[in-house]
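Chemist: Provided herewith is a single structure, encoded as structure tokens, for subsequent inquiry.
The values are calculated or read from the model by the stated rules, or taken from the named source; none is laboratory data. The model shown is predicted, which means the values in this text are computed figures rather than measured ones. For neighbour counting, all protein chains shown are included, and Cβ atoms are generated from backbone atoms with ideal geometry for every residue, glycine included. With ligands, DNA and RNA removed, areas are computed over all heavy atoms of the protein, side chains included. Shrake-Rupley method; radii C 1.70, N 1.55, O 1.52, S 1.80 Å.
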Amino acid sequence: MTQKEALDILKMGHNAFITGAAGSGKTFLLNQYISYLREKDVVVGITASTGIAATHMGGITIHSWSGLGIRSALSDYDLEDLESRQYLFKRIQHAKVLIIDEISMLHHFRLDLVEAIVRSIKRNNDTFGGMQVVLCGDFFQLPPISRGDEEEAQFAYHSEAWKKLGLKICYLEEQHRQDDKDFIGVLNAIRDNEVTEEIRTLLKSRFDKKPTVRAEPTKLYTHNYNVDIENEKELSKLPGDSTEYRMAFRGGEHLVESLKKGCLAPEVLRLKVGARVMFVKNNFEDGYANGTLGVIDCCSQGLVRVRTAAGKYFDIEPVNWRIEEEGKVKAEIMQYPIRLAWAITVHKSQGMSLDAAEIDLSKSFEKGMGYVALSRVRSLGGLSLKGLNETALEVDDRVLQYDREMREISFKHAEELQSLSRINIERTHAEFLKIVAPSTPGQKKQKKPDTVMETKRLLSEGKTLSEIAKERKVKEGTIIDHLEKIKEKFPGFSMSPIRKSLSTKRFKDIMIALKKCGMQEGKYLLTPAKNMLKDSVSFDEIRIVRLFL
């Protein structure tokens, strides 16, 4: 099926599964459909199973969008709790279309849990509350990972929700990432489980060869252990001492450990100027996202600055990962949202397109690892292969069989579409829009922003504390009140412009005092810090610095 045919099927309002080989343009198709829906003012939930995949569409993870988080089960109490969260209730109630990318990495039971949440909040017993659902992914990618006492993970197509959706299958046959015919042949051979000696010879020709393209290769390993060693080795090559940042945490030990396991930021982060890093949390207000690559421009105890590949600079602060119940924080960890990124795991590379990669598949332990890693690269010349075992060249027989079935069904669905006249197709597009689009597109009533959100807007424009106070015609202390509320509601939101209110030395002195005086109920103590600093600073100045802790 072509992208154009698949887009027609989506515009008709069908629930659909978009699939195809790596580089076939699945995410590009989704972005086309998202643009179409936004032009018509249709409210769409844009999600993926991973942060990196979500950023390719400007979305968030399905775990965050649905409120499911790290749960592996839902009680009636959990559903009631989720429904009571106004922001979540409105988000799901208003959504007319839900998109989930990288569906291969979502546990089958979690897809069922998301479906239960949506159905409950929409007060509609139809699957997913009757909204259009578009799933996208390739089951030749690596399967979801089970942790601890979770139910054994299976692919999403084993879920009850999948079976009830009545999906139109859109198997994209075009190739957009790779234009190297020999390399496409290698990838297709692995995907079809037809690896010959000729294919092995082509791969071996890239053993220990430097990539022929002008790009610093990203190193891919199958195990975190090798990634950590490689990153530490590269860090040690940089001049000077490293600055160390330890994760702060509070809450029950079991919950804290659960957060640590699900967090990609390391418990101990070591940085130097020049270190290659990757963001591990979304902050769309600030302009970076999970998977954004960059280089450390400055690192001290009071400042971490990252320069991205696009040339943007970000002064970042520690952010929170939390578990909340009934509005109370049960556990929380705090760390800078980055990690070293000279090397990453094959799992983490899913969804990436790389000009050059150095890949070690000698310790592949799961079928599909080789296909995932190799298909990240655009050409055979961009590949430097450091090791290869037989497991790397294998794919799961069950996935192979399911993929063949998907191709056959997709062919039938393409034929059904081709049998329709263009007039009928466009009439169906219009009928679907009548259901999901507002009656007066582009003229939705604008709500007057509340006072805190107005401060947040001005801050996002780079205005300083004094500038915001002057524009709002209020005291600076009132704006600081707003900033504290903003930090509580949007933990990752950047307060960088506010730093200009204080000199570097004054800021550092206050931060040292706050850290020495410690925390109570999750907040650094103001009065002890004021007593330590005496009359040299004001309470408002201490509150400003506390925003960055």
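Chemist: Rounded to the nearest 0.05, what FRET efficiency is calculated for E484 and E198 with R0 set to 41 Å and r the Cβ-Cβ distance? Can you show the working numbers first?
Modeler: Working: r = 65 Å, r/R0 = 1.59.
In this case the efficiency is close to 0.05.
Chemist: List every DSSP H helix in the chain whose Cα atoms extend 18 Å or more along the helix's own long axis and whose mean Kyte-Doolittle hydropathy is at least -1.0. It would help to have the intermediate numbers written out before the result.
Modeler: On the way: long enough: 26-39 (20 Å, -0.31); 108-122 (22 Å, 0.38); 224-237 (20 Å, -1.56); 397-418 (32 Å, -1.27); 422-436 (21 Å, -0.08); 476-489 (20 Å, -0.91); 504-517 (20 Å, -0.18).
For the chain, where a helix must reach 18 Å along its axis and average at least -1.0, the hits are 26-39, 108-122, 422-436, 476-489, 504-517.
Chemist: Which far-off residues, 5 or more places away or on another chain, put their amide H under 5 Å from the one on G45, with H placed in the peptide plane?
Modeler: Result for G45 returns K96, V97, L98, I99.
Chemist: May I ask you to evaluate 6.51 cos²θ - 1.76 cosθ + 1.60, the Karplus curve with θ = phi - 60°, for each residue of region 163-169 and list the ³J(HN,Hα) values in order in whole Hz, giving x for glycine and proline?
Modeler: Residue by residue, region 163-169 yields 5, 8, 6, x, 5, 7, 9 Hz.
Chemist: Can you give the convex hull volume of the alpha carbon atoms of region 176-248 per residue, in Å³? Please list the in-between numbers first.
Modeler: Details: hull volume 14.1 nm³, N = 73.
Taking only Cα atoms, region 176-248 has a hull volume of 193 Å³ per residue.
Chemist: Sticking with the crude label model, points 7 Å out along Cα→Cβ, report the distance from K210 to E467 in nm, one decimal please.
Modeler: Computed distance between label sites K210 and E467 equals 4.6 nm.
Chemist: Out of residues 5 or more away from R85 or on other chains, whose amide H comes under 5 Å of its own, with H placed 1.01 Å from N in the peptide plane?
Modeler: Counting only residues 5 or more places away or on other chains, the set is empty.
Chemist: Cα to Cα, under 24 Å, and not fewer than 8 places away if on the same chain: which lysines meet these conditions relative to K210?
Modeler: Cα-Cα hits under 24 Å: K181, K219, K233, K237, K348, K363, K386.
Chemist: Order W162, W321, most accessible first, counting only protein heavy atoms with a 1.4 angstrom probe.
Modeler: On the way: W162 20, W321 40 Å².
Descending accessible area places them as W321, W162.
Chemist: Let me ask something else about it. Just checking my list [x] 27.3; [y] 32.6; [z] 22.7 against mean projected area of the Cα convex hull in nm² computed from this structure; which label fits?
Modeler: Matching the structure shown: [x].
Chemist: Starting from the Cα of K164, draw a straight line to each of the lysines and keep only those under 21 Å, dropping any in the same chain fewer than 8 residues away.
Modeler: Result set, ordered by chain and number: K11, K96, K122, K412.
Chemist: If I model a spin label at R322 and K434 as a point 7 Å from the Cα along the Cα→Cβ vector, what separation in nanometres do I get?
Modeler: Using points 7 Å along Cα→Cβ, the separation is 4.5 nm.
Chemist: Per q in 0.10, 0.11, 0.21 Å⁻¹, report the Debye log10 I(q)/I(0) for region 341-476, using one uniform scatterer on each alpha carbon and no solvent.
Modeler: -0.81, -0.85, -1.20
Chemist: Please state the relative contact order of the chain as a whole percent: Cα pairs under 8 Å, 6+ residues apart? Spell out each step's value before the answer.
Modeler: Numbers: 955 pairs, mean separation 85.6, N = 549.
16 percent.
Chemist: Mind scanning K260/K523; K204/K261; K281/K487; K330/K515; K330/K516 and naming the pairs with a C-alpha gap bigger than 27 Å? Walk me through the numbers on the way to the answer.
Modeler: On the way: K260/K523 21 Å; K204/K261 36 Å; K281/K487 16 Å; K330/K515 23 Å; K330/K516 25 Å.
As for pairs spanning more than 27 Å Cα to Cα, those are K204/K261.
Chemist: Taking R0 as 60 Å, what FRET efficiency do you get between E408 and K515 from their Cβ-Cβ distance, rounded to the nearest 0.05?
Modeler: Calculated transfer efficiency: 0.40.
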